[in-house]
Amino acid sequence: MGDVVGHGIQASVTMGRLRTAVRTLADIDLAPDELLTHLDDVVIRLNAEATTAADTPGDVGATCLYAVYDPVSRRCTLASAAHPMPAVVTPDGEVAVLELPVGPPLGLGGLPFEAAEVELPEGSLLALYTDGLVESRDRDIDEGIAELCHALVQPAPSVDAVCDTVLNALLPARPDDDIALLLARTRALSADQVATWDLDFDPAVVAHARRSASDQLTAWGLEEAAFITELVVSELVINAIRYGRPPPIHLRLIHDRTLMCEVSDASSTAPHLRRARVFDEGGRGLLLVAQLTQRWGTRHSHNGKTIWAEQDAV
(Lines give C-alpha, C1' and ligand atoms only; values in the text may rest on other atoms or scores of the structure.)
Protein backbone atom coordinates (compact mmCIF):
# COMPACT_ATOMS: atom_id res chain seq x y z
CA MET A 1 0.00 0.00 0.00
CA GLY A 2 1.47 3.35 -1.00
CA ASP A 3 0.67 7.02 -1.35
CA VAL A 4 2.43 9.56 -3.56
CA VAL A 5 2.78 13.19 -2.54
CA GLY A 6 0.71 15.58 -4.65
CA HIS A 7 -2.16 15.26 -7.10
CA GLY A 8 -2.71 15.33 -10.83
CA ILE A 9 -1.04 13.74 -13.81
CA GLN A 10 2.51 13.86 -12.45
CA ALA A 11 1.50 12.12 -9.23
CA SER A 12 -0.38 9.46 -11.22
CA VAL A 13 2.66 8.85 -13.44
CA THR A 14 4.89 8.55 -10.38
CA MET A 15 2.49 6.09 -8.75
CA GLY A 16 2.49 3.96 -11.90
CA ARG A 17 6.29 3.88 -12.01
CA LEU A 18 6.56 3.00 -8.32
CA ARG A 19 3.89 0.31 -8.64
CA THR A 20 5.86 -1.29 -11.48
CA ALA A 21 9.05 -1.09 -9.40
CA VAL A 22 7.34 -2.76 -6.41
CA ARG A 23 6.05 -5.61 -8.56
CA THR A 24 9.51 -6.14 -10.05
CA LEU A 25 11.19 -6.13 -6.64
CA ALA A 26 8.50 -8.41 -5.19
CA ASP A 27 9.16 -10.96 -7.94
CA ILE A 28 12.72 -11.44 -6.68
CA ASP A 29 11.51 -12.19 -3.15
CA LEU A 30 13.18 -9.31 -1.34
CA ALA A 31 12.48 -8.89 2.37
CA PRO A 32 10.13 -5.94 3.11
CA ASP A 33 12.87 -3.70 4.55
CA GLU A 34 15.20 -4.46 1.62
CA LEU A 35 12.41 -3.79 -0.86
CA LEU A 36 11.76 -0.38 0.68
CA THR A 37 15.48 0.42 0.51
CA HIS A 38 15.52 -0.28 -3.24
CA LEU A 39 12.25 1.63 -3.69
CA ASP A 40 13.81 4.57 -1.86
CA ASP A 41 16.58 4.54 -4.49
CA VAL A 42 13.95 4.58 -7.25
CA VAL A 43 12.30 7.69 -5.77
CA ILE A 44 15.70 9.40 -5.45
CA ARG A 45 16.35 8.72 -9.14
CA LEU A 46 12.90 10.06 -10.07
CA ASN A 47 13.69 13.23 -8.12
CA ALA A 48 17.01 13.55 -9.94
CA GLU A 49 15.29 13.10 -13.32
CA ALA A 50 12.66 15.69 -12.44
CA THR A 51 15.36 18.12 -11.33
CA THR A 52 17.30 17.66 -14.58
CA ALA A 53 14.21 18.04 -16.76
CA ALA A 54 12.80 21.14 -15.06
CA ASP A 55 16.07 22.67 -13.78
CA THR A 56 14.39 22.95 -10.37
CA PRO A 57 14.55 20.59 -7.38
CA GLY A 58 12.27 17.58 -7.82
CA ASP A 59 9.45 17.10 -5.34
CA VAL A 60 8.73 13.39 -5.80
CA GLY A 61 7.91 11.72 -2.48
CA ALA A 62 5.87 8.77 -1.28
CA THR A 63 4.98 6.57 1.67
CA CYS A 64 4.66 2.80 1.52
CA LEU A 65 3.76 -0.17 3.69
CA TYR A 66 4.89 -3.57 2.41
CA ALA A 67 3.84 -6.89 3.95
CA VAL A 68 4.60 -10.55 3.21
CA TYR A 69 2.44 -13.30 4.73
CA ASP A 70 3.53 -16.94 5.03
CA PRO A 71 0.51 -19.28 5.22
CA VAL A 72 2.70 -22.12 6.53
CA SER A 73 4.05 -20.35 9.63
CA ARG A 74 1.14 -17.83 9.82
CA ARG A 75 3.72 -15.07 10.27
CA CYS A 76 3.49 -11.70 8.56
CA THR A 77 6.58 -9.54 7.98
CA LEU A 78 5.98 -5.82 7.50
CA ALA A 79 8.02 -2.68 6.92
CA SER A 80 6.83 0.92 6.72
CA ALA A 81 8.15 4.00 4.99
CA ALA A 82 6.23 6.66 6.96
CA HIS A 83 2.92 4.99 6.10
CA PRO A 84 -0.04 4.64 8.51
CA MET A 85 0.05 1.45 10.57
CA PRO A 86 -2.23 -1.43 9.52
CA ALA A 87 -5.12 -2.67 11.63
CA VAL A 88 -5.78 -6.34 12.37
CA VAL A 89 -9.07 -7.96 13.36
CA THR A 90 -8.62 -11.41 14.89
CA PRO A 91 -11.21 -14.20 14.40
CA ASP A 92 -12.62 -13.55 17.90
CA GLY A 93 -13.46 -9.95 16.96
CA GLU A 94 -10.58 -8.16 18.69
CA VAL A 95 -9.12 -5.26 16.72
CA ALA A 96 -5.74 -3.58 17.13
CA VAL A 97 -3.42 -1.28 15.23
CA LEU A 98 -0.03 -2.92 14.78
CA GLU A 99 2.95 -1.16 16.32
CA LEU A 100 5.78 -1.28 13.79
CA PRO A 101 9.10 0.54 13.38
CA VAL A 102 8.41 3.57 11.17
CA GLY A 103 11.00 4.36 8.54
CA PRO A 104 11.44 7.66 6.69
CA PRO A 105 9.34 8.61 3.64
CA LEU A 106 10.66 7.34 0.34
CA GLY A 107 13.09 9.70 -1.34
CA LEU A 108 15.16 10.95 1.60
CA GLY A 109 17.95 8.39 1.14
CA GLY A 110 20.61 7.18 3.53
CA LEU A 111 18.23 6.18 6.34
CA PRO A 112 17.41 2.58 7.25
CA PHE A 113 14.13 0.71 7.13
CA GLU A 114 13.31 -1.93 9.70
CA ALA A 115 10.98 -4.92 9.39
CA ALA A 116 8.83 -6.44 12.11
CA GLU A 117 7.24 -9.89 12.25
CA VAL A 118 3.88 -10.76 13.80
CA GLU A 119 1.97 -14.02 14.02
CA LEU A 120 -1.61 -13.81 12.78
CA PRO A 121 -4.27 -16.38 13.71
CA GLU A 122 -5.92 -18.06 10.75
CA GLY A 123 -8.85 -16.00 9.54
CA SER A 124 -7.46 -12.65 10.70
CA LEU A 125 -8.41 -9.55 8.69
CA LEU A 126 -5.53 -7.24 7.78
CA ALA A 127 -6.47 -3.67 6.81
CA LEU A 128 -4.08 -1.44 4.84
CA TYR A 129 -5.13 2.10 3.94
CA THR A 130 -3.90 5.57 3.02
CA ASP A 131 -4.04 8.51 5.41
CA GLY A 132 -6.85 10.11 3.38
CA LEU A 133 -9.22 7.52 4.84
CA VAL A 134 -8.57 8.41 8.49
CA GLU A 135 -7.48 12.06 8.36
CA SER A 136 -9.26 15.15 7.06
CA ARG A 137 -9.80 18.81 7.89
CA ASP A 138 -12.66 17.94 10.23
CA ARG A 139 -11.10 14.86 11.86
CA ASP A 140 -7.65 14.18 13.26
CA ILE A 141 -5.89 10.92 12.53
CA ASP A 142 -6.41 9.37 16.00
CA GLU A 143 -10.16 9.89 15.75
CA GLY A 144 -10.16 8.48 12.24
CA ILE A 145 -8.25 5.35 13.27
CA ALA A 146 -10.69 4.80 16.15
CA GLU A 147 -13.61 5.02 13.70
CA LEU A 148 -11.80 2.65 11.33
CA CYS A 149 -11.33 0.05 14.07
CA HIS A 150 -15.00 0.35 15.07
CA ALA A 151 -16.14 -0.14 11.47
CA LEU A 152 -13.84 -3.13 10.90
CA VAL A 153 -15.48 -5.19 13.67
CA GLN A 154 -19.06 -4.65 12.51
CA PRO A 155 -20.80 -7.87 11.40
CA ALA A 156 -20.50 -8.41 7.64
CA PRO A 157 -21.02 -11.45 5.39
CA SER A 158 -17.84 -10.95 3.32
CA VAL A 159 -14.65 -8.94 3.02
CA ASP A 160 -16.29 -6.84 0.30
CA ALA A 161 -19.08 -6.01 2.71
CA VAL A 162 -16.52 -4.97 5.34
CA CYS A 163 -15.00 -2.59 2.77
CA ASP A 164 -18.43 -1.08 2.15
CA THR A 165 -19.01 -0.67 5.89
CA VAL A 166 -15.66 1.07 6.39
CA LEU A 167 -16.08 3.40 3.44
CA ASN A 168 -19.65 4.31 4.40
CA ALA A 169 -18.49 5.14 7.93
CA LEU A 170 -15.34 7.10 7.10
CA LEU A 171 -15.58 8.41 3.54
CA PRO A 172 -16.43 12.14 3.58
CA ALA A 173 -18.84 13.58 1.06
CA ARG A 174 -16.03 15.60 -0.52
CA PRO A 175 -12.68 13.86 0.19
CA ASP A 176 -9.67 16.15 0.61
CA ASP A 177 -7.21 13.45 -0.44
CA ASP A 178 -6.95 10.27 -2.47
CA ILE A 179 -8.25 7.25 -0.54
CA ALA A 180 -7.33 3.59 -0.84
CA LEU A 181 -8.36 0.64 1.34
CA LEU A 182 -7.07 -2.92 1.05
CA LEU A 183 -8.44 -5.77 3.18
CA ALA A 184 -6.95 -9.26 3.22
CA ARG A 185 -8.23 -12.34 5.08
CA THR A 186 -5.40 -14.65 6.15
CA ARG A 187 -5.54 -18.39 5.78
CA ALA A 188 -3.19 -21.12 6.92
CA LEU A 189 -2.05 -24.36 5.34
CA SER A 190 -2.74 -27.47 7.37
CA ALA A 191 0.03 -29.85 8.40
CA ASP A 192 -0.99 -32.42 5.77
CA GLN A 193 -0.37 -29.85 2.99
CA VAL A 194 3.31 -29.45 3.88
CA ALA A 195 6.08 -32.06 3.89
CA THR A 196 9.60 -31.30 5.13
CA TRP A 197 12.84 -33.30 5.18
CA ASP A 198 16.31 -32.53 6.57
CA LEU A 199 18.99 -33.91 4.25
CA ASP A 200 22.64 -34.63 4.97
CA PHE A 201 25.29 -32.74 3.06
CA ASP A 202 26.05 -35.82 0.95
CA PRO A 203 25.33 -36.61 -2.75
CA ALA A 204 23.97 -39.99 -1.67
CA VAL A 205 20.85 -38.29 -0.24
CA VAL A 206 19.63 -37.20 -3.69
CA ALA A 207 18.04 -40.57 -4.46
CA HIS A 208 16.40 -40.62 -1.02
CA ALA A 209 15.05 -37.11 -1.59
CA ARG A 210 13.53 -38.15 -4.93
CA ARG A 211 11.86 -41.21 -3.40
CA SER A 212 10.52 -39.22 -0.45
CA ALA A 213 9.07 -36.57 -2.76
CA SER A 214 7.50 -39.21 -5.02
CA ASP A 215 5.92 -41.01 -2.04
CA GLN A 216 4.48 -37.72 -0.79
CA LEU A 217 2.97 -36.91 -4.18
CA THR A 218 1.32 -40.33 -4.19
CA ALA A 219 -0.18 -39.57 -0.79
CA TRP A 220 -1.53 -36.30 -2.19
CA GLY A 221 -2.88 -37.98 -5.30
CA LEU A 222 -0.45 -36.09 -7.56
CA GLU A 223 1.26 -39.04 -9.23
CA GLU A 224 1.19 -37.29 -12.61
CA ALA A 225 3.50 -34.58 -11.23
CA ALA A 226 6.08 -37.09 -9.98
CA PHE A 227 8.43 -37.02 -12.99
CA ILE A 228 8.88 -33.24 -13.05
CA THR A 229 9.00 -33.00 -9.27
CA GLU A 230 11.73 -35.65 -9.01
CA LEU A 231 13.77 -33.78 -11.61
CA VAL A 232 13.31 -30.49 -9.73
CA VAL A 233 14.21 -32.08 -6.39
CA SER A 234 17.32 -33.70 -7.88
CA GLU A 235 18.59 -30.50 -9.45
CA LEU A 236 17.93 -28.24 -6.46
CA VAL A 237 19.39 -30.67 -3.92
CA ILE A 238 22.47 -31.29 -6.07
CA ASN A 239 22.97 -27.53 -6.45
CA ALA A 240 22.70 -27.08 -2.68
CA ILE A 241 25.30 -29.78 -2.07
CA ARG A 242 27.63 -28.52 -4.81
CA TYR A 243 27.44 -24.78 -4.17
CA GLY A 244 25.95 -24.45 -0.68
CA ARG A 245 27.37 -25.23 2.71
CA PRO A 246 26.31 -27.06 5.89
CA PRO A 247 24.31 -27.30 8.19
CA PRO A 248 21.82 -29.80 6.69
CA ILE A 249 19.79 -29.02 3.61
CA HIS A 250 16.03 -28.58 4.01
CA LEU A 251 13.62 -29.90 1.39
CA ARG A 252 10.00 -28.79 1.57
CA LEU A 253 6.97 -29.58 -0.61
CA ILE A 254 3.83 -27.45 -0.32
CA HIS A 255 0.54 -28.56 -1.87
CA ASP A 256 -1.96 -25.73 -2.23
CA ARG A 257 -3.43 -24.26 -5.40
CA THR A 258 -0.01 -25.01 -6.86
CA LEU A 259 2.76 -27.46 -6.01
CA MET A 260 5.83 -25.77 -4.56
CA CYS A 261 9.24 -27.37 -4.13
CA GLU A 262 11.76 -25.55 -1.90
CA VAL A 263 15.37 -26.40 -1.07
CA SER A 264 17.20 -24.33 1.56
CA ASP A 265 20.83 -24.24 2.63
CA ALA A 266 23.13 -21.98 4.66
CA SER A 267 24.88 -20.34 1.69
CA SER A 268 23.87 -16.93 0.35
CA THR A 269 25.19 -17.78 -3.14
CA ALA A 270 22.34 -18.37 -5.57
CA PRO A 271 22.57 -20.32 -8.86
CA HIS A 272 22.14 -18.44 -12.13
CA LEU A 273 20.31 -19.67 -15.19
CA ARG A 274 22.69 -20.12 -18.13
CA ARG A 275 22.84 -21.95 -21.43
CA ALA A 276 25.37 -24.78 -21.32
CA ARG A 277 27.75 -25.20 -24.23
CA VAL A 278 27.85 -28.45 -26.19
CA PHE A 279 30.99 -29.71 -24.45
CA ASP A 280 29.94 -28.67 -20.92
CA GLU A 281 29.32 -31.57 -18.54
CA GLY A 282 26.85 -29.61 -16.42
CA GLY A 283 24.83 -26.41 -16.36
CA ARG A 284 21.62 -27.76 -17.89
CA GLY A 285 19.66 -28.77 -14.80
CA LEU A 286 18.41 -25.33 -13.78
CA LEU A 287 17.47 -24.57 -17.39
CA LEU A 288 15.29 -27.70 -17.39
CA VAL A 289 13.72 -26.63 -14.08
CA ALA A 290 12.86 -23.24 -15.55
CA GLN A 291 11.34 -24.81 -18.67
CA LEU A 292 9.33 -27.52 -16.91
CA THR A 293 7.88 -25.41 -14.09
CA GLN A 294 5.71 -22.31 -14.16
CA ARG A 295 7.99 -20.16 -11.99
CA TRP A 296 11.21 -20.43 -10.01
CA GLY A 297 13.27 -18.07 -7.90
CA THR A 298 15.53 -17.43 -4.94
CA ARG A 299 14.52 -16.18 -1.49
CA HIS A 300 17.29 -14.97 0.82
CA SER A 301 17.14 -14.98 4.62
CA HIS A 302 19.45 -14.29 7.55
CA ASN A 303 20.34 -18.00 7.63
CA GLY A 304 21.03 -18.56 3.94
CA LYS A 305 18.79 -18.94 0.92
CA THR A 306 15.88 -20.94 -0.48
CA ILE A 307 15.57 -21.95 -4.14
CA TRP A 308 11.96 -22.66 -5.08
CA ALA A 309 10.09 -23.92 -8.13
CA GLU A 310 6.34 -23.83 -8.66
CA GLN A 311 4.22 -26.03 -10.88
CA ASP A 312 0.51 -26.42 -11.42
CA ALA A 313 -1.17 -28.86 -9.01
CA VAL A 314 -2.61 -31.67 -11.12
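Could you tell me which residue of segment 128-150 is nearest to Pro175 (Cα to Cα), considering only residues that are surrounded by 13 or more Cβ atoms within 10 Å (Cβ to Cβ) and of a type in the set (D, E, K, R)?
The qualifying residue nearest to Pro175 (Cα to Cα) is Glu135.
I'm trying to understand the selection: among the residues of segment 16-44, which are in a helix (DSSP H, G or I) and at pLDDT below 90?
Listed by number, the list holds a single entry, Asp27.
For Val42, state whether it is farther than 16 Å from Ser80 by Cβ and either without any contact (Cβ under 8 Å) to a residue 40 or more places away in the chain or of a type outside the set (Ser, Thr, Tyr) (or both). Lay out the reasoning, then the answer.
Working: farther than 16 Å from Ser80 by Cβ: yes; either without any contact (Cβ under 8 Å) to a residue 40 or more places away in the chain or of a type outside the set (Ser, Thr, Tyr) (or both): yes.
For Val42, the condition - farther than 16 Å from Ser80 by Cβ and either without any contact (Cβ under 8 Å) to a residue 40 or more places away in the chain or of a type outside the set (Ser, Thr, Tyr) (or both) - is met.
Please give the strands (runs of 3 or more DSSP E) falling wholly within segment 61-141 in which 2 or more residues are within 12 Å of Pro32 (Cβ to Cβ).
62-70, 75-81, 115-119
Please determine, by comparing only the residues of segment 289-314 that are among the aliphatic types (A, V, I, L, M) and modelled with pLDDT of 85 or more, which one is surrounded by the fewest Cβ atoms within 10 Å (Cβ to Cβ).
Ala290
Would you mind telling me which numbered condition in (1) closer than 17 Å to Asp3 by Cα; (2) at pLDDT 90 or above Thr165 fails?
Just one mismatch for Thr165, condition (1).
Table: residues versus (1) of a type in the set (A, V, I, L, M); (2) farther than 30 Å from Ser190 by Cβ; (3) touching a Ser or Thr at 6+ places or on another chain (Cβ under 6 Å).
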{"residue": "Ser80", "(1), (2), (3)": "no, yes, no"}
{"residue": "Asp92", "(1), (2), (3)": "no, no, no"}
{"residue": "Val95", "(1), (2), (3)": "yes, no, no"}
{"residue": "Leu100", "(1), (2), (3)": "yes, no, yes"}
{"residue": "Pro105", "(1), (2), (3)": "no, yes, yes"}
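Out of Ala219, Ala195, Ala207, which single residue is over 30 Å from Val97 (Cα atoms), touching a Leu at 6+ places or on another chain (Cβ under 9 Å), small (Gly, Ala, Ser) and not assigned by TED's automatic domain parsing to the domain that holds Arg75? Lay out the reasoning, then the answer.
On the way: Ala219 fails: touching a Leu at 6+ places or on another chain (Cβ under 9 Å); Ala207 fails: touching a Leu at 6+ places or on another chain (Cβ under 9 Å).
After applying the criteria, what remains is Ala195.
A quick yes/no check of all residues on (1) free of Cβ contacts under 8 Å to residues at least 60 places away in the same chain; (2) charged (D, E, K, R); (3) closer than 30 Å to Arg242 by Cβ:
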| residue | (1), (2), (3) |
| --- | --- |
| Ser124 | no, no, no |
| Ala127 | yes, no, no |
| Ala156 | yes, no, no |
| Asp160 | yes, yes, no |
| Pro172 | yes, no, no |
| Pro175 | yes, no, no |
| Ala191 | yes, no, no |
| Asp198 | yes, yes, yes |
| Val206 | yes, no, yes |
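Condition first: surrounded by fewer than 20 Cβ atoms within 10 Å (Cβ to Cβ) and farther than 20 Å from Gly297 by Cα. Now tell me which residues in segment 15-40 satisfy that.
The answer is Met15, Gly16, Arg17, Arg19.
Output the number of the condition that Ala79 fails; it satisfies all remaining conditions of (1) surrounded by fewer than 17 Cβ atoms within 10 Å (Cβ to Cβ); (2) farther than 18 Å from Val159 by Cβ.
(1)
Somewhere in segment 110-126, is a residue polar (S, T, N, Q), in the same structural domain as Val166 (by TED's automatic domain parsing) and more than 18 Å from the chain's Cα centre (by Cα)?
no
Picking from Ala270, Ala266, which residue would you name as being modelled with pLDDT under 85 and in contact with a strand residue (DSSP E or B) (Cβ under 9 Å, 6 or more places away or on another chain)?
After applying the criteria, what remains is Ala270.
The values are calculated or read from the model by the stated rules, or taken from the named source; none is laboratory data. None of the values given here were measured: they were computed from a predicted structure. Please note: Cβ atoms are built from the backbone with ideal geometry, for glycine as well, and neighbour counts cover all protein chains shown.
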